[in-house]
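What follows is a set of notes on a single structure, which appears directly below.
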Amino acid sequence: MWKVTFYSPEVESRILALPAGFLARFLRYAERMEVYGPNLGMPHTRVMEGGLFELRLKAAEGIARVFYCTLVGREIVILHQFVKKSQKTPQRELEIARKRMKEIKDAERT
């Protein structure tokens, strides 16, 4: 079994504040990741570079993305989420996720 955790209480509250369609999908995929691991495959998840993953949420409200990484001990850490407004993922959103992943990985090593 895998364990899904959050980078911070703020990240968790932002996820829980997503519109109902996104939240329902997030919860369903999070449950699946606890059983099957971080990579559910397309179209649900996508492996990004450097150990970052993207959870792809599609609902009546539009499209949202949730970035996460894994830690030793079968832990999935939710790093960042945003609702997509354009075709391409904004660089700023990726940078936030990468920065948080680096903090988590550095803390894990010490």
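The values are calculated or read from the model by the stated rules, or taken from the named source; none is laboratory data. Keep in mind that what you see is a predicted model, and the values were worked out from it rather than measured. Virtual Cβ from ideal backbone geometry, glycine too; neighbours counted across all protein chains shown. What goes into the accessible areas is simple: the full protein's heavy atoms, side chains included, and nothing from ligands, DNA or RNA. Shrake-Rupley method; radii C 1.70, N 1.55, O 1.52, S 1.80 Å.
Full extension of the segment from residue 35 to residue 71, taken as 0.36 nm per residue of separation minus the current Cα-Cα distance, would add 11.4 nm. Over region 1-86, the fraction of Cα-Cα pairs per 5 Å bin, rounded to whole percents and listed from the shortest bin up, is 3, 15, 28, 28, 18, 6, 1, 0.
When 31, 12 are compared by accessible surface with a 1.4 Å probe, the order from highest to lowest is 31, 12.
Between residue 109 and residue 2, the C-beta separation translates, for a Förster distance of 25 Å, into a calculated FRET efficiency of about 0.75. Over all other residues within a Cβ to Cβ distance under 9 Å of residue 2, the charged ones net out to 0, with Lys and Arg as +1 and Asp and Glu as -1.
Largest first and in whole Å, what are the equivalent-ellipsoid semi-axes of region 36-94 based on the Cα gyration tensor, each being the root of 5 times an eigenvalue?
Each semi-axis is the square root of five times an eigenvalue, giving 20, 13, 10 Å.
For residue 42, the solvent-accessible surface with a 1.4 Å probe is about 120 Å², rounded to the nearest 10.
Each residue was assigned an accessible area with a 1.4 Å probe, and for residue 5 the value is about 30 Å².
Between amide H atoms placed 1.01 Å from N, distances below 5 Å from residue 4 occur with 76, all of them 5 or more places distant or on a separate chain. Derived scalar couplings between HN and Hα for region 84-92 equal 6, 10, 9, 4, 8, 5, x, 4, 4 Hz in order, rounded to whole Hz, by the Karplus curve 6.51 cos²θ - 1.76 cosθ + 1.60 (θ = phi - 60°), x for Gly and Pro. Taken along the Cα-to-beta-carbon direction at a fixed 7 Å, the label points for residue 84 and residue 16 span 2.7 nm.
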